[in-house]
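Structure first, then comments.
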Amino acid sequence: MFNIKSKIILLSIILVFSLILTACQGPSSNTGSTPNGNGGSKGSIKIGAIFPLSGPLALLGEESFRGVEVAVDKINKNGGINGKTIELIAVDTPSANEAMASAQKLVTQDKVNLVVGSFESTIVPIAAQITERNKVPYFELGSVADEVTEQGHKYLFRTNPPSYMYAESDMEFIKYLSDKWGTPLQDLKVAFIHEDSSWGTSIKDDFLKLAKKENVNVVDVVSYNMGTVKSVDSQVLSLKKSNPDVVIGVSYIDDSILVVRTMNKLAFKPKAFIGQGGGYSLPNLKKAVGDAVDGLFNIDFTQYNVNPDVSPGLEEYVKLYEEKFGSKPLSGHSLTNFYGAETTFSILKEAKSLDAEDIRKAANATNIENGKTSTGWGVKFDEKGQNTLCLPFSFQYQNQELVSVWPENAAVAEIK
C-alpha cells in the first residue's frame, strides 16, 4: 500500500499531462468577476463534494457526506446564502487514484464555486492541486493526516482536528488518567497498535514525538496493513508481553473488531485502551464484540452522548438527520461534516463575493469561540488553513453505549 507521499509523487506526474491537456482546451480558472464566481445559476452557488461513496471506505465516506447534505437542506430551507441556494454536486471518489479526475470535473466542467470533502486523507492533496491552481477554495471537513495542510496551499482550509491534535488529546487524557490512578506520568507504560496507512502512521508519529518530550515510556509499537490483515495475534501477543498500562489503537471497523476480539481471546486487558475514532466509534463494533467493548475509551470527533450545554445545535442536527435518512446518525463523522459545512456557509455569508480571494479573507477573519457550535468546537484558522479550536473529546463505552467522559465540561458520565 502506497503511503500518502508516494501517491502524491505518482499522481503529480499524471497531473502534469492533465494540465497540458487542460491548457490546450483553454483557461479553466475561477475568474470571480461577478458575485456568482465562475459557476452556479444566477440564484445558486455551486459546491462540489468529493467523498468515497463506494469501495472499502464507503461506510464512513457516505456517513460523512450525509452531514453535508443535512447542512445544505437546512440552509436552503432558510433562504440560502445571501438569497442564493446551494447546488450540491457530489462526485464519488473511492480513493486517491480518482481524486484528480473528480476535482478536474468539478472545476472545469461543473464550474463550482467551492469544493468540500473528503474523509480520506490521501484524496485531499491530489484534489487540492487542481482546486488550488484554479483558485477554487477547498474546505476539508473530515480527513486527519497532518500532511493535508502542509502543502502550502492558499485556498485550502480544514475545519476538523488533524492527527497531531489526536496525539495531543491522547497525552492530555493519559495525564488525566494518571492523576486519577495516583500514578506519576513517567511511571506509566504506554504501547501503540495501528493500521499502517497515513492515518494510523501520522497519529503514531505525532504521539511518539510528544511522548519523548514528556518523558513517557513507550514500551511497544506494532502495526498491520488494514487491507490484508487476517490476524493480529502476533501484534497483541507482543503488546501483552510488554505489559503496558495504556494501549492506543488506530483502526478501521473490520480491524478494530479483530483487535478487540483478539485482546479478549488472549486475555489481554491493560488499565486503559484508547481508540482513535474510525472503527472505535461505529455501532458495528459493539454489535460484533458485545460486552467486550465496555471500558474501552475513544478519542474522537464529537459523538452524540455529550453535554448539550457545550454543543448547541447537536440535538437539532440529530433530528434533521433522522427526518432525512430515517435512522440515527451512524457516527460523529456526519456531525463533524455538518459542522464543517455550516462553518463554510457562514464564511460564504461574510465574504464580499464568491471570488476565491474574498472567501479566503472571510475564512481568515472567522473567530468562533468553543462551545458555540453543534460539535462544541470553535473556529479559528492558522496560517496553514488549519482550524485551531477543534480538539477531540474522550468517550468511553459504558453498558455498550459511547458516552463523553472528558473534558469534564463536556462529560455526561464518570469514568469507569
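The values are calculated or read from the model by the stated rules, or taken from the named source; none is laboratory data. Just so it is clear, the model here is predicted, and its values are computed rather than measured. Please note: Cβ atoms are built from the backbone with ideal geometry, for glycine as well, and neighbour counts cover all protein chains shown.
Taking segment 361-372 as the region of interest, how many residues are more than 21 Å from the chain's Cα centre (by Cα) and either touching a residue at least 60 places away in the same chain (Cβ under 8 Å) or closer than 13 Å to Asn387 by Cβ (or both)?
Within segment 361-372, residues that are more than 21 Å from the chain's Cα centre (by Cα) and either touching a residue at least 60 places away in the same chain (Cβ under 8 Å) or closer than 13 Å to Asn387 by Cβ (or both) number 0.
Let me confirm something: among Val221, Val190, which residue is touching a Phe, Trp or Tyr at 6+ places or on another chain (Cβ under 6 Å), surrounded by 17 or more Cβ atoms within 10 Å (Cβ to Cβ) and assigned to a strand (DSSP E or B)?
Val221
Please go through segment 382-406 and give me each residue that is farther than 19 Å from Ser334 by Cα and touching a residue at least 12 places away in the same chain (Cβ under 8 Å), ordered by number.
If the condition is that a residue be farther than 19 Å from Ser334 by Cα and touching a residue at least 12 places away in the same chain (Cβ under 8 Å), then Lys384, Gly385, Gln386, Gln396, Tyr397, Gln398, Asn399, Gln400, Val405, Trp406 are the ones that fit.
Are any of the residues in segment 228-243 closer than 20 Å to Asp170 by Cα and not in a helix (DSSP H, G or I)?
yes
Taking only segment 131-170 into account, find how many residues are more than 19 Å from the chain's Cα centre (by Cα) and more than 24 Å from Lys105 (Cβ to Cβ).
1
Would you confirm, using the coordinates I've provided, whether Glu63 is in a helix (DSSP H, G or I), at pLDDT 95 or above and either in contact with a Pro (Cβ under 8 Å, 6 or more places away or on another chain) or not assigned by TED's automatic domain parsing to the domain that holds Tyr155 (or both)?
Spelling it out, Glu63 is indeed in a helix (DSSP H, G or I), at pLDDT 95 or above and either in contact with a Pro (Cβ under 8 Å, 6 or more places away or on another chain) or not assigned by TED's automatic domain parsing to the domain that holds Tyr155 (or both).
Mind listing just one residue for me: the one in segment 152-187 that is touching a strand residue (DSSP E or B) at 6+ places or on another chain (Cβ under 7 Å) and among the hydrophobic types (A, V, I, L, M, F, W, C) and, of those, surrounded by the fewest Cβ atoms within 10 Å (Cβ to Cβ)?
So the residue we want is Leu177.
How about segment 244-253: which of its residues are surrounded by 23 or more Cβ atoms within 10 Å (Cβ to Cβ) and either touching a His at 6+ places or on another chain (Cβ under 9 Å) or part of a helix (DSSP H, G or I) (or both)?
Those that are surrounded by 23 or more Cβ atoms within 10 Å (Cβ to Cβ) and either touching a His at 6+ places or on another chain (Cβ under 9 Å) or part of a helix (DSSP H, G or I) (or both): Ile248, Gly249, Val250, Ser251.
Quick check on Ser256: is it small (Gly, Ala, Ser), in contact with a strand residue (DSSP E or B) (Cβ under 6 Å, 6 or more places away or on another chain), in a helix (DSSP H, G or I) and more than 18 Å from Gly376 (Cβ to Cβ)?
No.
Where in segment 285-387 are there helices (runs of 4 or more DSSP H), lying fully within it, with 2 or more residues that are at pLDDT 95 or above, assigned by TED's automatic domain parsing to the domain that holds Glu62 and within 22 Å of Ala167 (Cα to Cα)?
332-350
So which residues in segment 357-375 are in contact with a Leu (Cβ under 9 Å, 6 or more places away or on another chain) and of a type in the set (A, V, I, L, M, F, W, C)?
Ile359, Ala362, Ile368
Sort out which residues of segment 271-284 are modelled with pLDDT under 95, surrounded by fewer than 24 Cβ atoms within 10 Å (Cβ to Cβ) and in a loop (DSSP other than H, G, I, E, B), and write them in order of number.
Listed by number, the list holds a single entry, Leu282.
Can you find even one residue in segment 373-381 that is in contact (Cβ under 8 Å) with a residue 40 or more places away in the chain, more than 24 Å from Gly279 (Cα to Cα), touching a strand residue (DSSP E or B) at 6+ places or on another chain (Cβ under 7 Å) and not hydroxyl-bearing (Ser, Thr, Tyr)?
Scanning segment 373-381 turns up at least one residue that is in contact (Cβ under 8 Å) with a residue 40 or more places away in the chain, more than 24 Å from Gly279 (Cα to Cα), touching a strand residue (DSSP E or B) at 6+ places or on another chain (Cβ under 7 Å) and not hydroxyl-bearing (Ser, Thr, Tyr).
Can you run down the residue pairs with Cβ atoms below 7 Å, 6 or more apart or on separate chains, where the first is in segment 91-113 and outside the structural domain of Ala49 (by TED's automatic domain parsing) and surrounded by fewer than 18 Cβ atoms within 10 Å (Cβ to Cβ) and the partner is outside any helix (DSSP H, G or I) and at pLDDT 95 or above?
If the second residue must be outside any helix (DSSP H, G or I) and at pLDDT 95 or above, no pairs are left.
Among the residues in segment 203-214, are any assigned by TED's automatic domain parsing to the domain that holds Glu172 and in contact with a Leu (Cβ under 8 Å, 6 or more places away or on another chain)?
Yes.
Under 8 Å by Cβ, and 6 or more places apart or on different chains, what pairs join a residue from segment 57-86 that is within 12 Å of Phe345 (Cα to Cα) with one that is of a type in the set (S, T, N, Q) and crowded, with 24+ Cβ neighbours inside 10 Å?
Once the first residue is within 12 Å of Phe345 (Cα to Cα) and sits in segment 57-86, its partners that are of a type in the set (S, T, N, Q) and crowded, with 24+ Cβ neighbours inside 10 Å give Val68/Asn337; Ala71/Asn337.
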